[in-house]
Structure formats: C-alpha cells, structure tokens
1. Using the Karplus curve 6.51 cos²θ - 1.76 cosθ + 1.60 with θ = phi - 60°, work out ³J(HN,Hα) for each residue of the range 14-28 in order, rounded to whole Hz, and write x for Gly and Pro.
2. Report ³J(HN,Hα) in whole Hz for each residue of the range 83-94, in order, from the Karplus equation J = 6.51 cos²θ - 1.76 cosθ + 1.60 where θ = phi - 60°; Gly and Pro get x.
3. How big is the charge dipole of the chain about its Cα centre, in debye rounded to the nearest 20, if each Lys and Arg gets +1 on its Cβ and each Asp and Glu gets -1 on its Cβ?
4. Taking amide H positions as placed in the peptide plane 1.01 Å from N, state which residues far from T99 in sequence (5 or more) or on other chains have amide H under 5 Å from it.
5. How big is the Kirkwood radius of the range 49-90, worked out from every pair of different alpha carbons and given in Å to one decimal?
6. What percent do you get for the relative contact order of the range 160-233 when only Cα pairs under 8 Å and 6+ apart count?
7. Using the heavy atoms of the protein chains and a 1.4 angstrom probe, tell me the accessible area per residue for the chain in square angstrom.
8. For the cross-link pairs K43/K156; K10/K73; K5/K156, which exceed 22 Å when the distance is taken from alpha carbon to alpha carbon?
Amino acid sequence: MISRKVNNVKEALEGIQDGQTIMLGGFGLCGIPENSIAELVNKNVTNLTCISNNAGVDDFGLGLLLQKRQIKKMISSYVGENAEFERQMLSGELEVELTPQGTLAEKCRAAQAGIPAFFTPAGFGTEVAEGKETREFNGKMHVMELAYKADFSIVKAWKGDEAGNLIFKGTARNFNACMAGAAKITIAEVEELVPAGTLNPNEIHIPGIMVNRIFQGEKFEKRIEQRTVRQRS
C-alpha cells in the first residue's frame, strides 16, 4: 500500500510558491488547518490566491496571512469577522471575489469530481452573473459556473491513516470534504495519524486516493469564533 505520510508540516508544504492558488478547508475557525497556515506564514510566500469559506479573524486563521500581506486575492462566501480584511478590501489592497456559499462548495466539489462546469440558479440577475453564460432550464434561468483550478488544497481532519484515508469530526467536516482532491496536490493535517488498516472502512469520509500528503499536526488551539454563554440564574 502506498504511504502518503510525511514527517512534518514543512515537508507537507514543500513546493508551495509565490503566486499560487490554494484551497483551505474550514468554516469560521472550525476545522481549519492551523499548522499549515502557520507554516505558510513562516514560508513568507506572497501573492497567493486563497479559496476559503472565510478569511479567519484578525489574529488567527487566514487573518495571519492577511496581516503580512501574503494574500493577493481572496475567494470566499463570508468575510464579516475580519477587520483587516475589510480595511484591505476597501483600500484596494486586496482583490476579493465573493461567491454564494453553495456555489463555492459546488465549484470545489466539481473540481474534485473532474467536472469542468455546472449550472446553478444562484446569483442570476445579480453581479455574480456578470460576464457568465446563462441558460434556461425548466422555465428558470441559471448561471454557468466553472470548477475551481487550484495548485494545492490544504484540509484538516480528525483522524487519518498513512494511506491518506480521512475521518472528520462533526461540523469540522464542512468545506474540508469537498476540497480534498480538488487541487493538483492535496495536503491533509490530522489530529491523529494511525497505521493503514486501523480505520473502520465504513467510517472513512475521504479515501486516500484523494490525498497526496498527510501529517500529524500538533498544539491545535481550536478557538471559538464567537463565544456565547447564557447568564447565570
């Protein structure tokens, strides 16, 4: 069996260069590849195009890359929790492509499945549809969306084995599942890395064929984006 295990995050991110397009899993701060983002900061790669549901917060997640001006373009569906993102976007320092959340997910899944394009009713009649082909299906107008093309996809999983099979935990599955295998090279960081054959085949969410490199991360913070507590009675 082919082993996709690498020793650490530095080995996992080898080959990432300035100007490339990178997908990053996660939703808010849930299920983000924390170790890999930190290493991208350390590598000081610049002019990146990042495809992610959001841009993290000011001092965590993709917000760390924004602080160092390493991101040239952000392709996201929600960006409301990051003041630095807002500042860079309004000042023209950051190129932003806002995409309906379901469309963003499907553009990732289409790339994963090798489907070059699809039609969706989302965004028709809005700025989202400008310059795109439209077509009517069953009396309703649709917009043609192209699948994403990315150099690297970086995902975070709960458990994985050395063959690259992945299991996500709860809502941390989010965009990680549709981004795995959606780029030329997929990197998976996991909380627990086990020998091949250890995982129950019926519990695997992503098969190892979609993963090129896998490593065990460390010191996960797992921050809460918006902490909400009830008043004591």
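1. Whole-Hz 3J(HN,Hα) from phi for the range 14-28: 4, x, 6, 10, 4, x, 7, 9, 10, 8, 9, x, x, 9, x.
2. For the range 83-94, the Karplus curve yields 5, 5, 4, 4, 5, 5, 5, 5, 7, x, 6, 10 Hz.
3. 360 debye
4. Correct list: S76, S77.
5. One over the average 1/r among Cα pairs gives 9.8 Å for the range 49-90.
6. Once divided by the residue count of the range 160-233, the mean separation gives 44 percent.
7. Ligands and nucleic acids excluded, the figure is 51 Å² per residue.
8. In this structure, K10/K73 exceed 22 Å between Cα atoms.
The values are calculated or read from the model by the stated rules, or taken from the named source; none is laboratory data. This one's a predicted model, so the numbers in the text were calculated from it and none came from an experiment. Neighbour counts are summed over all protein chains in view; Cβ atoms, including those assigned to glycine, are modelled from backbone coordinates with ideal geometry. Only protein heavy atoms, including side chains, enter the accessible area calculation; ligands, DNA and RNA are left aside. Shrake-Rupley method; radii C 1.70, N 1.55, O 1.52, S 1.80 Å.
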